[in-house]
Amino acid sequence: MKPVKNLDEMIELMESRGLTVPDHDAMRRILFDSNYYRLSGYFRAFQNDPAHGDNDFKPNVNVSDFLEPYRLDSELRPMILRGTALIELTVRSRFEYLVAQNGGAYSYADIDSYESITNRKGVELRISLVANIRKWMDMSNEVCIRHYRKAGEPVPIWAAVETMPFDTVSRMLSLHRDTAALKELYRSLGVRTNLRTASEIIHAMVYLRNLCSHHSRLWHREMVIVPPVTKDMRERYPSLVYEGRSVAQALIALLYLVDEINRDDSYSTRMLTFLKANTDYTTRLMQPLHWE
């Protein structure tokens with residue numbers, strides 16, 4: 001077990017590894033407010049070889065070197081969340097409407113409404129999905145859900161999807177058998193690709209949203225889940241070049257979807273302006289570091 005360190009001992013550790021800490025009082029406040037472990041993710045790019053245990057800092061590294069990307073991450077995350085919120089609300093609304101119009105208003109919790117697909121472990125995905133849907137229905141304290149429950153009436157999809165996490169809704173998209181509704185949904189979002197790829201794009205937005213909601217590091221991040229980038233997306237934002245599994249790869253899909261929903265480029269213009277004003281930071285968003 002690692003021993004517990006106080007703030008001064010944390011600073012002493014950083015200095016012993018070669019970091020220049022000009023103001024100890026300011027550093028104590030930063031560590032008290034921001035958590036050493038959270039900040040340590042920003043250290044890695046400035047350390048010799050953290051993947052192999054060499055955590056010494058490279059020559060002439062100052063506290064400001066990692067605090068600047070930390071600060072810029074804190075500015076970018078709210079911008080991303082405004083976009084993912086719009087995507088989430090729009091996808092929920094359009095999905096429930098289109099499925100309901102096709103006669104599926106009350107069959108969303110039926111296992112036969114979903115494709116029989118198994119994961120690598122041989123588990124049928126629709127079984128866990130339907131169980132998850134029913135769990136959220138049983139747990140919900142929303143007034144409208146309690147009304148249906150008390151009356152012994154089935155909950156229509158337009159009420160049900162509002163009680164579920166976006167991750168559950170995205171799983172519904174990936175497995176639902178109403179391909180006509182799904183094609184119309186993705187067409188309305190400007191996503192011209194097959195249904196599987198389209199659902200992967202939405203699922204990646206869930207992951208991006210969750211990262212930002214938990215204040216996770218974006219700078220130099222290697223993404224676990226990234227969206228497939230379509231030709232339309234690449235052509236619309238040619239300045240956003242990226243390496244695979246980078247945050248920038250997710251941003252291209254985010255900008256495209258939000259602009260399609262808004263029917264203008266106001267969102268992407270604001271974000272691209274921010275990125276162009278911080279070129280060194282943006283370059284690191286395009287380059288994931290593989291230090292684990």
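The values are calculated or read from the model by the stated rules, or taken from the named source; none is laboratory data. What you are looking at is a predicted structure, and each value in this text was computed from that prediction instead of being measured. Here Cβ is always computed from backbone atoms with ideal geometry, including for glycine, and neighbour counts include all displayed protein chains.
Mind listing just one residue for me: the one in the range 7-47 that is closer than 16 Å to H220 by Cβ and out of contact with any Pro (no Cβ under 7 Å at 6 or more places or on another chain) and, of those, surrounded by the fewest Cβ atoms within 10 Å (Cβ to Cβ)? Selected residue: R38.
Of everything listed in (1) in contact with a Lys or Arg (Cβ under 8 Å, 6 or more places away or on another chain); (2) part of a helix (DSSP H, G or I), the single unmet condition for A109 is (2).
Counting only residues that are without any contact (Cβ under 8 Å) to a residue 60 or more places away in the chain and either under 15 Å from V161 (Cβ atoms) or of a type in the set (K, R) (or both), the range 96-109 holds 5 of them.
Is there a residue being in contact (Cβ under 8 Å) with a residue 60 or more places away in the chain, among the hydrophobic types (A, V, I, L, M, F, W, C), more than 30 Å from V247 (Cα to Cα) and in contact with a helix residue (DSSP H, G or I) (Cβ under 8 Å, 6 or more places away or on another chain) anywhere in the range 112-134? No, the range 112-134 contains no residue that is in contact (Cβ under 8 Å) with a residue 60 or more places away in the chain, among the hydrophobic types (A, V, I, L, M, F, W, C), more than 30 Å from V247 (Cα to Cα) and in contact with a helix residue (DSSP H, G or I) (Cβ under 8 Å, 6 or more places away or on another chain).
Residues checked against (1) modelled with pLDDT under 95; (2) touching a Phe, Trp or Tyr at 6+ places or on another chain (Cβ under 9 Å); (3) surrounded by fewer than 12 Cβ atoms within 10 Å (Cβ to Cβ); (4) within 23 Å of P227 (Cα to Cα):
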residue: Y106; (1), (2), (3), (4): no, no, no, no
residue: R126; (1), (2), (3), (4): no, yes, no, yes
residue: P154; (1), (2), (3), (4): yes, yes, no, no
residue: L175; (1), (2), (3), (4): no, yes, no, yes
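Test Y97 against the stated conditions and say whether it is aromatic (F, W, Y) and farther than 25 Å from C212 by Cβ. Yes: the conditions hold for Y97. Of the residues screened, E200 is one that is in the same structural domain as T84 (by TED's automatic domain parsing) and of a type in the set (D, E).
Residues are listed down the side, and each one gets a yes or a no for (1) within 30 Å of D259 (Cα to Cα); (2) in the same structural domain as S216 (by TED's automatic domain parsing):
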{"site": "S16", "(1), (2)": "no, no"}
{"site": "A26", "(1), (2)": "no, no"}
{"site": "D33", "(1), (2)": "no, no"}
{"site": "Y36", "(1), (2)": "no, no"}
{"site": "D49", "(1), (2)": "no, no"}
{"site": "D54", "(1), (2)": "no, no"}
{"site": "V91", "(1), (2)": "yes, yes"}
{"site": "Y108", "(1), (2)": "yes, no"}
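In the range 129-168, which residue that is among the β-branched types (V, I, T) and under 15 Å from S107 (Cβ atoms) is farthest from the chain's Cα centre (by Cα)? Among those residues, the one meeting the criterion is V155. Checked against the criterion of being part of a helix (DSSP H, G or I) and of a type outside the set (D, E, K, R), the range 55-62 has no qualifying residue.
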